[in-house]
Each structure stands twice: as structure tokens, then as C-alpha cells.
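Data first, discussion second: the structure below is written as C-alpha cells.
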Amino acid sequence: MSGVSDLLLASSAAVVAGGGLVTGAAVVTWLRVRRRWRALRSSTSARIGVALLGVVRSGSGGGRPWRRDSPAVLRLQLWQSVDAAARALQEAERAGGTVGDLPSLCRRLRAASEDLDRLLVAAGGSGPPAGPPADPGGSLARQVAEMQDAATSIRRAALASATDAAALRAGPLAEDARREVASVTAGLARAVEASNRRPVA
């Protein structure tokens, strides 16, 4: 009887431990999936895709969807400029360029763009336009233009930094290559001269 109760106790402990492991693994997996989903949803590429979908959807609304000041088009322009600035900064960092406060400016640009994006969505930037223009005074269009100007400035500064870093590497490389070519050419010339001097047997 004692052996049976020990066996039942061991089986119960194994079931509880197994259930705990499965539950723990499920919770960890869920947290990882949720974190990745949030990162994907907030990525600039995903935002560009959503904005582009909004432009396409607005084309089926029968209004004037392709106007440059429509909220859907403004959203797309906004996130394309933010993405261009972020990519230029990544290239500058990859090239070893001096970026100074550009990463901080890029983060501020993104945060301000997220705020503006919410306003554009509320103004009809995620679907077909309905009724009169949602931005009659052009305030949202002006704000998007300001964000684009800031993004362009960041992108230009980052590209200048990446170009300078590349030039610092390319200059010595070109000089080393010229020296090596001159050395090899001189060595070949000496070898040809030496072979010409050999007496013919």
C-alpha cells in the first residue's frame, strides 16, 4: 500500500512539475511574441506600409484621394521622411562617422511624428475621406512639412558624416594602392630586364 501511495505521490509531483514547465514556457513565449509584435507595429517600415494602405484605401472612396494635402498622403510622406533620416543615421554609424546628437534628434523626430500620425489618423488618414476636408486650415500639412524639413536636415547631416568617414578610409587606401601598383610595375620591369640580359644558350 505504501508503494502505491509513493507512486501516486511521485506521479502527481511529475504532473504538477510538467504543468508548471509548460505554463512557464507558454508565458515566456507569449511575452516574446507580444514584444516582437509591438516592435513590428511600431517600426517605421510597418508604419509606411499602413500609410500606403491608407492611400490605396482612400482611392476607393470616390473623393479626391490623391491630393497632396489629404491626411492619407501626408501620413505616407511623413513616415517616408522619418525612415530616410533613420536609414541615413544607421549608415553614418555603420561607417564610423561622427554623429553627435543626431541619434537624439532622430528619436525626437520619431516621437513627434508618432503624435502627428495620431492626428492624421483622426483626420482621416487611414481610409476613404468623408465629407469636407479634415484639415481646412492646412495646419496638419504645415506640421508634416516641418517634420519633413527636420528629417531632411538630419538625413543630410548623417550622409555628410558617412561621406567624410568613407573619405578618410578611401584616401589612404587609394594612396596605398598606387604605391603597390608602382612597386609591382617596377618589380615586373626589373624581372623583364633581367631576363633580357641572360645570355642565350
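Rule-based calculations on the coordinates, nothing more; no lab input. None of the values given here were measured: they were computed from a predicted structure.
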Full-stretch length increase - Arg57, Ala194 - with 0.36 nm per residue and alpha-carbon distance subtracted: 41.6 nm
Note, ³J(HN,Hα) from phi for the range 147-152, Karplus 6.51, -1.76, 1.60, rounded to Hz, x at Gly and Pro: 5, 5, 4, 5, 5, 5
Net lengthening on full extension, Val184/Asp164 (0.36 nm per residue, minus Cα-Cα): 4.2 nm
